[in-house]
1. For a label point 7 Å from the Cα of Ser131 along Cα→C-beta, name the residues of region 150-172 whose backbone N is under 14 Å from it.
2. Would you pull out the residues with amide H under 5 Å of Arg141's amide H, same chain only if 5 or more places away, H placed 1.01 Å from N?
3. Rounded to the nearest 20 debye, what is the charge dipole size of region 46-177 about its Cα centre when +1 sits on each Lys and Arg Cβ and -1 on each Asp and Glu Cβ?
4. Just the number, please: Stokes-Einstein D of region 46-177 in µm²/s, Kirkwood Rh from C-alpha pairs, 4 °C, 1.567 mPa s.
5. Can you list the residues, at least 5 places off or on another chain, whose amide H is less than 5 Å from the amide H of Gly45, using H built in the peptide plane?
6. Return the distance in nm (one decimal) between the two label points of a simple spin-label model at Ala54 and Phe72, each offset 7 Å from Cα along Cα→Cβ.
Amino acid sequence: MLSSDHGSPILRRAGVRGFLFVLAAWALAACTVQPVYGPAAAGGGVQSALTRIAVDPVDDRVAQQVRNTAIFQMTGGKAITDPIYRMKLTVTYREIGLGITNIDASPSYSVQVAATYEVTRIDTGALVTRSTSRASAAYNRSNQAFANSRAQIDAQNRAAATVGNDIAIRVATVLAKGS
């Protein structure tokens, strides 16, 4: 390095960047990040709490898809034993035409699924969490009735799976926080 380069703006910017990097690293070191499914600070774990949530029965096919996905994500396929929480699901869905063509037909549709869930403690009835999760999935229609029916069901299943996964993650997050 030449003596004339000592006070150059480029070197001063590099020094500022280095200082900001060290400052950011120090700030991030103070964060307490832990895995959601790892052991909790108070002992036990979120996974064992998730396997103790009884999900109430639902009344239609799309709602059953949401319920099945949420249960599988929470229990991993294990049976629910000695439940301490109860989840109530209310699922609605609708279909929306996405575009109108020159022949007044809508070849593209979107299925929108919304699920409101409420988790309560069985022993006290205390509310643990309540929220709504939404998802949508699109599909195209053709001139074949069976293909249209199957595409609609597949779109409903995709949206329901997304909602079920979201519910399981949200409930796990609440339980990890200790609420």
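1. Of the residues in region 150-172, 163-172 have backbone N under 14 Å from the label point off Ser131.
2. Amide H neighbours of Arg141, under 5 Å, 5+ apart: Ser108, Tyr109.
3. Dipole magnitude for region 46-177 comes out near 280 debye.
4. Values: Rh = 15.8 Å.
Diffusion coefficient, whole number: 82 µm²/s.
5. The list, which skips near neighbours in sequence, is Ala40.
6. My value for the distance between the label points is 2.4 nm.
Rule-based calculations on the coordinates, nothing more; no lab input. This one's a predicted model, so the numbers in the text were calculated from it and none came from an experiment. Heads up, the Cβs are rebuilt from the backbone with ideal geometry, glycines too, and the neighbour counts pull from every protein chain shown.
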